[in-house]
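Read the structure below first, then the notes.
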Amino acid sequence: MPRRNTILFVTLASLFSIVRPAISAELPERPNFIVVFCDNLGYGDIQPFGSRLHRTPNLNRMATQGRTFTHFCVTAGVCTPSRASLITGCYSQRVGMHQNPRDGHVLRPISPYGLNPDEVTIAETLKEQGYATAIIGKWHLGDQPEFLPTRQGFDFFFGVPYSDDMTQAVGQRLGDRLDGKHWPPLPLMENDVVVEAPCDRNGLTKRYTERAMQWIREHREEPFFLYFPQAMPGSTKTPFSSEAFRGQSKNGPWGDSIEELDWSIGQMMDQLRELGLASKTLVIWTSDNGAPINRDLNDLSRGSNRPLHGRGYTTSEGAFRVPTLMWQPGHVRAGTVCEELATTMDLLPTFTKLAGGELPQDRTIDGHDIAPLIYSQPDATSPYEAFYYYQRDQLQAVRSGPWKLFLPIDPSAGHPHLGKNDPPQTLLFHLYDDVSCRHNVAAEHPDVVERLMKLAEQAREDLGDKDRPGRGQRAIGKIEGQPRAQTLQP
């Protein structure tokens, strides 16, 4: 079992006086689901995960009233593949969303590629059970009509089709690369129609929150699923926030944006209580990957992944392990901590089962039902024998239990622990005893190395590896003909 005294930040139970209400043995039939998916929020960027820089009183409240997951992972260090895994319950390598010949590993505007409409999404499994479904925020799984959220199981979409840093000005600098000279002004869309271009990025958190709360109010009498991928802190070097929060934090634009995100979740939690929906609604707060961070680790103006090692966009723990809180008063046990490995791939199977549905039987779903972990069932443990860390099509690391093994790959293409000129090495870290992954213990544990090497080979056969297709991979979506920009129509 994990050893809690190895966690470097102070546990919530010692920070707050917690009154733990009785937990109902019976969950509500067809509970509501809300997933807040921040963009580039670091592991150490909020107070429940140790930040002493950003004020997040509402997230503190969410943690004291809910459950903190300290080993909750995404499946990629960047946007598109990470989001594909949440939506499909699969590794992005399985559904072809880890890279493509035109865009690399992150979809760009006017791409012919996107999430294959043949995939089964979390919204589709819940719609089958009578749920209203909406996405408010950043999509980034294809901007062509065939790939938009309203074609992938969502009744309603309000947000941007790709990353907020993919503006017309950035496209002009790219020129002919990625068809940059044809990128449109950043479009804000409602369903399949652009309603504003360029959109005001300073107002996105506030507008998304207001629209999300309006949608919840409109659907309070029926079961609903709200996917709420916030735009902030985002991919720009100077994140955006509304006037009420600008310049108010101790950490410049990055801190301002996080403190506005905290305001947003506070508004939503209050609304759920006012509408009598709090005990009926499972709310999950997490991030699509870790913070980019600056080269100077003492400069926190692009976020913090402390105490974890590494930056976003890599296969480090700082990229894959994200700050995660779960809240459902009366059902999720207050003030508790889960140190078992779970991932965003688990949300589709967990929500589907809680809603009374069944998973599709004609395809592999990589995620698992983690309701026992969410609701603190006795002796609940991680469902993962192995969890894989890919960088595009390259398998770089594998985790099993407390162990993380970096494979002896050529580091010239990028490695979170080695320089480009270093020779390939096998690195083994114990993620509980060595939270910051500073001590390579491969030589002391050859049996562990051997076991994880065999698990890595299983991944290669199924999900592929560099220059080696996997037998379990499915095709990315691609349109025929010339893709078109999403623009504001006269």
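Based on the Cβ-Cβ distance of residue 487 and residue 453, what FRET efficiency does E = 1/(1 + (r/R0)^6) give at R0 = 56 Å, to the nearest 0.05? Intermediate values should be presented prior to the final figure.
Values: r = 50 Å, r/R0 = 0.90.
Result of the calculation: an efficiency of 0.65.
What full-extension length gain, to one decimal in nm, is calculated for residue 364 and residue 420 as 0.36 nm per residue of separation minus the Cα-Cα distance?
Working: separation 56, 0.36 × 56 = 20.16 nm, distance 3.57 nm.
Result: 16.6 nm gained on full extension.
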Show that you can apply the helix-only estimate: for the chain, add -39,500 (n - 2.57) for every DSSP H stretch of four or more residues, divide by all residues, and state [θ] at 222 nm to the nearest 500. -6500 deg cm²/dmol
Out of the chymotrypsin sites (Phe, Trp or Tyr not before Pro) in region 378-454, which ones are loop residues according to DSSP with at most 16 other C-beta atoms within 10 Å? none
Taking Cα pairs closer than 8 Å and at least 6 residues apart, the relative contact order of region 394-463 in percent is 28
Quick check: residue separation of residue 176 and residue 386 times 0.36 nm, minus the Cα distance between them. What number comes out in nm? 71.4 nm
If you bin every alpha carbon distance in region 394-463 into 5 Å steps from zero, what whole percent lands in each bin? 3, 17, 28, 25, 19, 7, 0
Treating every alpha carbon of region 234-351 as one equal point scatterer without solvent, the Debye formula yields log10 I(q)/I(0) values at q = 0.10, 0.11, 0.14, 0.23 Å⁻¹ of -0.39, -0.47, -0.75, -1.31
Taking the Cα centroid of region 323-370 and of region 437-476, what is the distance between the two, rounded to the nearest whole Å? 25
Long-range amide H partners of residue 337, meaning residues 5 or more apart or on another chain whose placed amide H is closer than 5 Å, are 68
Estimated vicinal HN-Hα couplings, Hz - region 195-212 in sequence order (Karplus 6.51, -1.76, 1.60; Gly, Pro = x): 10, 7, 7, x, 7, 7, 5, 4, x, 5, 4, 5, 5, 4, 5, 5, 5, 4
As an exercise, identify the trypsin sites (Lys or Arg not before Pro) in region 62-105 lying in DSSP coil whose Cβ has no more than 16 other Cβ atoms within 10 Å. 102
Can you check what the net charge comes to around residue 318, using other residues whose Cβ is under 10 Å from the Cβ of residue 318 (Lys, Arg +1; Asp, Glu -1)? +2
Quick check on region 31-374: of the DSSP beta bridges with both residues there, what percent are antiparallel, nearest 5%? 35
When the Karplus curve 6.51 cos²θ - 1.76 cosθ + 1.60 is applied with θ = phi - 60°, which whole-Hz ³J(HN,Hα) does each residue of region 318-329 get, with x for Gly and Pro? x, 8, 8, 9, 10, x, 9, 10, 10, 9, 7, x
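No lab work stands behind these numbers, since they all come straight from the coordinates. Bear in mind the structure is a predicted one, so any value in this text is a computation, not a measurement. All Cβ positions, glycine included, derive from the backbone under ideal geometry; neighbour counts span all protein chains shown.
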